[in-house]
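Enquirer: This is the structure, below, for whatever I ask next.
The values are calculated or read from the model by the stated rules, or taken from the named source; none is laboratory data. None of the values given here were measured: they were computed from a predicted structure. Note that each Cβ is placed from the backbone with ideal geometry, even for glycine, and that neighbours are counted across all protein chains shown.
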Ligand SMILES: Nc1ncnc2c1ncn2[C@@H]1O[C@H](COP(=O)(O)OP(=O)(O)OP(=O)(O)O)[C@@H](O)[C@H]1O
Ligand SMILES: [Mg+2]
C-alpha cells in the first residue's frame, strides 16, 4: 500500500557562501506523515523549497517515483502533484480571498473554452473549503490581507489540500495559529494522510510532530542529526534530541509545568508550544558548551 | 480621524466594497472637473466640444489601458510615449521605401512595436533590473533612433507624405476616420479606445491572466510559488503596450500623412498619470482599467476646458501634477483600508 512518492539522497545546497544544507536524505511514502524538525536556520525551509521546485539542490539526488528530477519552477512540482504551503510566501495580500485561493489553478468556464473565470463557482468552492477548516468567511471578496495571520495560513493550507494531488508540504503551519486552528490543521494533516497522500510537515514543535508523525527527521545547522520511524522513538527522546543533550536539564525544567497540565486537558498543545519556543529562542542567545 | 472609519465599519459589505473600489476617487474627480468647466466655460457643453474632449481623451486612453494593466502588474514603461512615434515612423518609412502599399508598413509597424514590448519584458525578466531603468534605456534609445533614422532616410526630421499610396484610404478609414452622429463627431480613436477598454477590463477581471496580473504586481514571489509564470505575464503586458502604441501611431500617421520624428516623448508620463488618477497603485497589485478611462477623460476635459474657459493653458500641467499627487495619496489610503485587519 505504501509506495515511495519521493526520495532525497545526500542533498546539499549553498546560498553563495552560506551552506544551508549538507548530505540530507529523506523518503516519503504515500499515506505517511514525515516530520522535519530543527531550530531556526537549521535548513528546514531550504529543504522543502528544493522539494517544491523553488530552489534547486547543488548535491545529491532528488527522485520522484524512482525518476530523477530537477524542477525549474514551482509549476513543474505542482504538475507532479506536489503542493506546498510556504512559511513566508503564502498569499498576495491585496487580492480577494477567492482569487488567492485559486491563484495559479484558476477554474475556467467550459462554455468559454476555459477562458472566462467561473467566479461564482470559485467563490463557492473557496467558502466551502474554508468552512471545512472551521473558518466561516462569508465575504470571500475581502482582500486576504484583512484576515488574521492564522486565517491566512488556513486559506493557504486549504488551497494546498484542495489542489494537492499526492504530496502535501507544510512549512510550520501551526506556528501562527491558536489552539483551535492548530488542532484543525493537524486533523487536516491526518485526514490527508488517511486519504493516501504523503505529507511533509515542518515544525518547531515536537509535541505537534509527535501527535501526527510517522517518521521524524532532525536537522541541525544544515545536517541530519537523526532520522527515526515513530516506533523507534518516544516523545521524550524526540524532545531531547531536538534540544540537544546538554540543554536537556534546562528544557525539561522549562517544560515541566505545561506537560503536567497537558495530561489533564488533552489538546492545549499550541499555547504550550508558544512558551517552549519562546524559551528556546532566549536560550539560543547563550553560548553553546 | 477615527469617525469615518467607524461609520464605514457599520455599513453593509456591499457599500463598504464600493467605497474601497479603485475607480471611486477618479469618478468623483471626473464629475467635479466636468461641473467646474460646465460652469466657467460656456462652450464646454456644446456637442462639438464633447467630440473634441472625447478625441483628446481617446488619444491618451488608448495607451492608458495597457499602461494601467502594466502598472497593476507592478511595472512601468517609460518608452510608452516615444514608441508611438516609432510605430508611426516605421509604418510610414517602410511603406515609402520598400513598397507602395500602406498595409505592408502597418503590419511591419505592428511587428516592430510588439518586438520592442517583448524586448522590454525580456530584459526585465533576464536582468531583474527595475523596469524604471530598463524602459528608461529603451526610451532613450528609441528617442535617438527615431530622429537618427528619419534624418538619415529622408534628410529632414519628418517623413515624406504617403497620401498617394495604395491602401492609404482604407488605412485612414480604420485608424483616422470620423463619423458624425447627431452633431457629435466621433473619431476612430474613440472606437479603438472603447474596444481596448472593454477587452482590457474583461481580461483583468474575468480571466485567469487577469488574476495573474494582480498577483505578479501584488507579490511576485508568492505568485511564482503557486505556479504563476511571472516573467511571461509581465512580457505579455509589455506586448499590450506595444499594441496600443501601434494603434495610436497608425492614427497619427493616417490623420496627418506625415510624422514628426521628435514627437511622443513626455506622453508616457501622461499615460502613467491617467492610470494613477484612475486608481492604479504605483507599487502594483491594485487598480482598474475602467479607472484609467476616467483618468484619460479628466485629461481630455481639463486640456480642452482650459482653452474653452480662456484660461492660460500654461496652468494645465500644474493642474495635472496636483491631480496626480491627490490621486496617489488617495490610492495609498484606499490600499491601506483594503489591507487593514478586520478589527
Ligand atoms: N535565499 C537565501 N539566501 C541566502 N541564505 C539563505 C537563503 N535562505 C536561507 N538562507 C540561509 O540558509 C540557512 C537555512 O535557512 P532556512 O530558512 O532553511 O532555515 P529554517 O530551518 O527554515 O529556519 P526557521 O525555523 O527560522 O524557518 C540559514 O542560515 C539562512 O540564513
Ligand atoms: Mg523556515
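Enquirer: Considering only the range A:145-176, state which residues are within 16 Å of ligand 2 (Cβ to nearest atom) and more than 13 Å from the chain's Cα centre (by Cα).
Expert: Once the filter is applied, which keeps residues that are within 16 Å of ligand 2 (Cβ to nearest atom) and more than 13 Å from the chain's Cα centre (by Cα), the range A:145-176 yields only A:149.
Enquirer: I need a count of the residues in the range A:7-52 that are more than 16 Å from ligand 2 (Cβ to nearest atom), closer than 24 Å to residue A:189 by Cα and more than 15 Å from the chain's Cα centre (by Cα).
Expert: Residues in the range A:7-52 being more than 16 Å from ligand 2 (Cβ to nearest atom), closer than 24 Å to residue A:189 by Cα and more than 15 Å from the chain's Cα centre (by Cα): 7 in total.
Enquirer: Another one. Considering each residue of the range B:198-249, count those that are more than 14 Å from chain A (Cβ to nearest Cβ) and buried (at least 21 other Cβ atoms within 10 Å of the Cβ), and give that number.
Expert: Final tally of qualifying residues: 13.
Enquirer: Next up: Among (1) part of a helix (DSSP H, G or I); (2) within 17 Å of the chain's Cα centre (by Cα), there is one condition residue B:80 misses while meeting the rest; what is its number?
Expert: It is condition (1) that residue B:80 fails.
Enquirer: Okay, next question. Confirm whether residue A:202 is within 14 Å of chain B (Cβ to nearest Cβ) and within 15 Å of ligand 2 (Cβ to nearest atom).
Expert: Spelling it out, it is not the case that residue A:202 is within 14 Å of chain B (Cβ to nearest Cβ) and within 15 Å of ligand 2 (Cβ to nearest atom).
Enquirer: Of these, A:34, A:45, which one is within 13 Å of another protein chain (Cβ to nearest Cβ), within 30 Å of residue A:226 (Cβ to Cβ), out of contact with any helix residue (DSSP H, G or I) (no Cβ under 7 Å at 6 or more places or on another chain) and touching a residue at least 60 places away in the same chain (Cβ under 8 Å)?
Expert: Just a single option satisfies the conditions, and that option is A:45.
Enquirer: Can you report the number of residues in the range A:81-111 which are more than 7 Å from every other protein chain (Cβ to nearest Cβ), free of Cβ contacts under 8 Å to residues at least 24 places away in the same chain and in contact with a strand residue (DSSP E or B) (Cβ under 9 Å, 6 or more places away or on another chain)?
Expert: Count: 2.
Enquirer: Only strands (runs of 3 or more DSSP E) wholly contained in the range A:1-87 count here; list those with 3 or more residues that are away from ligand 1 (no atom under 16 Å from the Cβ) and modelled with pLDDT of 90 or more.
Expert: In the range A:1-87, A:4-15, A:18-29, A:59-64 are the strands (runs of 3 or more DSSP E) which contain 3 or more residues that are away from ligand 1 (no atom under 16 Å from the Cβ) and modelled with pLDDT of 90 or more.
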